[in-house]
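Data first, discussion second: the structure below is written as structure tokens.
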Amino acid sequence: MTSRVLRRILTIWAALLVAWAAPIAGAQEATGEVQIELDSFGVGDTCRAGEWVGVHLILADNSDRPRDLLVRVGLTDADGDHPLPERVVTSNPGVKQPVWLYFRLPYSLQTSDVLVFNVFEAVETTGTAGTTHAAERLLGSQRLRPQRVLRSTESAMGVLGRFGLGLREYGVSGPGDDTARANGAERTEVRLGLSPASLPDRWMGLAQYDVIVWAEGLPSQLSAEQADAMREWILRGGHLVIVLPRVGQQWTDRSANPLADLLPAVRIIRREDQDLAPYKVLVTTEALVTMPSKETVHVFEPLEAPGPAVDPQAVRILNTPDGVPLVVRRLIGAGAVTLVGLDVTARWFNERGLPDPELFWHRILGKRGQLATEAELNRPGPNSPTGYIFSAGNQITLDRDIADQVAKTGRAAAGLLIGFVVFVAYWLVAGPVGYFTLRRRGWVRHAWIGFVAAAGVFTAIAWGGATAIRPHRVDASHLTLLDHVYGQPYERARSWISLLIPTYGDATVHVGDPADAASGATRFHDGITPWEAPNSSGGSFPDSRAYVLQSRAPDTVTVPTRATVKQFQLDWAGGPRWKMPAPVVAGEGDPGISVLPRAPNSPVFAGQLVHSLPSALTEVTVIAVLRQKDHTRALAADVNGPLLSEVIVWNLPKAWAPDTPLDLSVFRYNENLGSDTRHTNNFFEGMLRGSQDAGEGFQAPDPTGAVQRLTALSLFDQLQPPRFSNPTGVDPPLLARRRAAHGYGLGRWFTEPCLIIIGSTTEDCPSPVPLSVMDGGELVPVPSRGRTIVRWVYPLPDHAPGYSGSEPPAPEDSGQGNG
């Protein structure tokens, strides 16, 4: 008997071990018929832990005939299951064949980690999901390591071209922990040397880059799929900055440029032999630098925009000293395309490491803060930029609340409470209370009967309670960031969810509108991928299983289910699903919102806004970006990382209910036009330091709350940056961090006039991201509850900054207000 039981236990454990090892090892030896080479692990051989990545492989098939190959990589998720990102390609024997594979990396990834890439012979199979491919013979296998892995707290910027363009200082860090001595709020990896040929064919491969600067290479070198990937990356919030070449630009040639329809609606005018001396305040603060006297500059003449006024197709960001547009932008969905007319690729700029990014690029990218060169960071002395080292206690991770916000702890807590109460009651009834009762009645001889009866009764109670609280339907909790630009046809969202599927087996989950999935009408490649908290210690079910992720179409996945939750990250884009805020328009010709002339204690805006969201907006922050400040020597010399725009900030004192007009005239200028800068500056510093008096009754938000931290996350690039020197008696600087929401900052909007509203729905609001599960062969919407951080932007008429002495200066910080 004992030997039979032991053999049975060993057999079960052996089966589980084989099931665990099979998806990793492939359960077979590779034949060697297909060779696998690594071209790049991430675009530019750079990737970020916790982010989407595109891995570019080169396959060489030794077969004598074309065949379908299934390319796959093995990963492990937070439950110990094994996601298998894969795609099918048709081989071309005798020819090296490039293949892109896309998937999300774990937060724990390091450069020393090895990932196993396999190539199988693909066989068509037909099932409930239609025709798919299954892996048959293993034809090739390769163990590959990433070349450059960024920490999840680092951002990245890609540059097409060889030159630094003055951008290198964003990536400079001191010795030791290279992210703890970051320039500004975080270190930005500036990846030079990209080319059109190195770009991926899906937007996921570009997701690691917040900004891409195109300085060299022809757009005609892009394939149709590469152009579509770039287009979708921009629609989803990417910022493409194009530096026009001195000669031979193809960008306005629609026959040669597949991205021509995304460019600002301008006419390009070439100016030769330009003296750049008037541009010096835009380029450098060094008094001894002599500007070149004969350079080529491109300027722009906006065309008549065919769209509405709130959808500008040629926003002036920077002008020349004589008032002609030098940098212009077009809004595309949640992203933008910016044209730069100053040739910063010129030899003169690159020999001197110019332009100074604090003067030039900050005003285009929407950043602030003192940047230091490597020489400055390594300069000895008490007041050098290395005079302060950021400790863990001086770092604030602004997106740390995601895991807690999506955790489904209610039923678990109820189950623990019921279990505790039932156990205590059982112990009392079956123990001292029951015995005392039997003894008083003289029934001690029936103690065993009473004990068995009590055990049966409480077993029934426990079983009934567990059945009562057991979930019986699919359910999801979420935290979502939703971006909408008024006048744009598309919006984007990133959502983190805990999905409860109360069955055992498998479940097919889909992100996106099921109607679009059935018709194939969607133009976006939405993504659903397993997610784990950045500091998760991990875990594993004993029956861990493998499941497939379609690399090029990751909007649907079939996952193992165990009547418990599984966490996902959803990346979605599409037409608005909610009735977002909009101006109340009285009639034809009514602009809806207008900016009023400045006067003390007078309204900033005229107009009303109304929304019909599923819930009230709570903890609402209203930000007016009126214009960039003029180029002045004093502003350029300020080492405290000042705001480069005139900004007013207010907090609504109560929730903004649906279908209730918000009168914008309540937002007013303060009394001290031209002198009082405390309110706005202390707001952006107070977002990190906590609630503090900023003067005249203004209270900065308390970052101890999740909504306040997520609001600060939205304003990441405009938060008070750390100062490099730390004088005695001054509070130590704070360093803001983000790990899961790169690319979701609103800093770019601080380079052009706009109205920004950030608020949170209630905690029981459904998600705006469409999610469904397969039930009976049909996709059925998943009910969800959680919090959505709504970030709504209304573009205002543009106003590029002037130059000191070139036009009358606007009142310094005249847009400061109180809440």
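The values are calculated or read from the model by the stated rules, or taken from the named source; none is laboratory data. Predicted model only: the values in this text are computed from it and were never measured. Here Cβ is always computed from backbone atoms with ideal geometry, including for glycine, and neighbour counts include all displayed protein chains. When the accessible area is computed, the model is the full protein with side chains, heavy atoms only, and any ligands, DNA or RNA have been set aside. Shrake-Rupley method; radii C 1.70, N 1.55, O 1.52, S 1.80 Å.
Apply the a/c threshold of 1.5 to the C-alpha gyration tensor of segment 186-242 and tell me whether it is rounded, prolate or oblate. Oblate. With 0.36 nm allotted per residue and the present C-alpha distance subtracted, the Asp68-Lys654 stretch has 204.9 nm of extension available.
Coupling constants for segment 563-580 follow from the phi torsions by the Karplus curve (6.51 cos²θ - 1.76 cosθ + 1.60, θ = phi - 60°), and in residue order they are 6, 9, 9, 9, 9, 9, 10, 10, 10, 10, 8, x, x, x, 9, 10, 7, 6 Hz; glycine and proline get x.
From largest accessible area down, sort Val595, Val213; use a 1.4 Å probe on the protein chains.
On the way: Val595 70, Val213 0 Å².
Most to least solvent-accessible, the answer reads Val595, Val213.
Looking at segment 208-367, the accessible area is 36 square angstrom per residue; that uses a 1.4 Å probe and ignores ligands, DNA and RNA. Taking a ≥ b ≥ c as the square roots of the eigenvalues of the Cα gyration tensor, segment 531-617 is prolate, since a/c reaches 1.5 or more and a/b is larger than b/c. In order along segment 40-57, the phi-based Karplus estimate (6.51 cos²θ - 1.76 cosθ + 1.60, θ = phi - 60°) of 3J(HN,Hα) comes to 7, 9, x, 4, x, 6, 10, 9, 10, 4, x, 10, 4, 9, x, 9, 9, 10 Hz; Gly and Pro are listed as x. If you plug the beta carbon distance of Leu38 and Ala256 into 1/(1 + (r/R0)^6) with R0 = 45 Å, you get a FRET efficiency near 0.90. For Lys579, a cut-off of 22 angstrom between C-alpha atoms picks up these lysines, skipping any fewer than 8 places away in its own chain: Lys654.
Could you please report the charge total around Ala224, scoring K, R as +1 and D, E as -1 over all other residues with beta-carbon less than 12 angstrom from its beta-carbon? Working shown, then result.
Working: positive: Arg231; negative: Asp201, Glu225, Asp228.
Its environment carries a net charge of -2.
Taking the Cα centroid of segment 229-294 and of segment 321-338, what is the distance between the two, rounded to the nearest whole Å? Spelled out, the Cα-based centre of one part sits 10 Å from the other.
Taking the solvent-accessible surface of protein heavy atoms with a 1.4 Å probe, what is the per residue accessible area of segment 33-176 in Å²?
On the way: 5400 Å² over 144 residues.
That works out to 37 Å² per residue.
Spacing of the modelled spin labels on Arg552 and Leu596, each 7 Å from Cα toward Cβ, amounts to 5.7 nm.
Which of rounded, prolate or oblate describes segment 230-348 when judged by the alpha-carbon gyration tensor and an a/c cut-off of 1.5? Verdict is prolate for segment 230-348.
On the accessible surface of segment 534-643, probed at 1.4 Å, how many percent belong to carbon and sulfur atoms? On segment 534-643, the fraction of accessible area on carbon and sulfur atoms equals 54 percent. Taking amide H positions as modeled 1.01 Å from N, with prolines and chain starts lacking one, the residues under 5 Å from Trp52 and 5 or more places away or on another chain are Leu105. A cut-off of 5 Å between modelled amide H atoms, ignoring neighbours fewer than 5 places along the same chain, links Gly802 with Asp630, His631. Applying the Karplus relation 6.51 cos²θ - 1.76 cosθ + 1.60 with θ = phi - 60° to segment 794-802 yields 3J(HN,Hα) values of 10, x, 10, x, 6, 7, 6, x, x Hz, where x marks Gly and Pro. Between Arg137 and Ala634, full extension at 0.36 nm per residue minus the direct alpha carbon distance yields a gain of 172.0 nm. Among the protein heavy atoms, those of Leu303 account for about 90 Å² of accessible surface (1.4 Å probe, every chain in place).
Nearest 20 debye, what's the magnitude of the dipole of segment 250-361 about its Cα centre given +1 on Lys and Arg Cβ and -1 on Asp and Glu Cβ?
Its charge dipole is roughly 140 debye.
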